[in-house]
1. Looking only at residues in segment 6-22 that are surrounded by 14 or more Cβ atoms within 10 Å (Cβ to Cβ) and part of a strand (DSSP E or B), which one is modelled with the highest pLDDT?
2. For the subset of segment 23-65 comprising residues that are part of a helix (DSSP H, G or I) and modelled with pLDDT of 90 or more, which member is surrounded by the fewest Cβ atoms within 10 Å (Cβ to Cβ)?
Amino acid sequence: MRIVVCAKCKKQKVEGILCRHCDTSYCYDCLEIKPQEMRTCPECEKFICDECYEGMVECDIKGRG
């Protein structure tokens with residue numbers, strides 16, 4: 001998907017992914033360098049950034065719907 005700006009390198013209008021919990025975006029180039037920055041949520045199975053993953057008590061998306 002095309003993201004507006006990468007949270008790490010600040011590149012604009014590049015291909016990347018979005019954390020489905022906090023809407024932080026990362027370009028594929030940054031994720032290639034540090035793949036641990038983005039994981040899969042064990043509850044909803046959507047992409048989740050490392051910061052959300054580390055601070056997560058329970059999935060806030062699964063209950064939405």
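The values are calculated or read from the model by the stated rules, or taken from the named source; none is laboratory data. Please read these numbers as outputs of a predicted model, since none were measured by experiment. Glycine gets a Cβ as well: all are built from the backbone with ideal geometry, and neighbour counts include every protein chain shown.
1. In this case the residue turns out to be Val14.
2. Filtering first and then ranking leaves Glu32.
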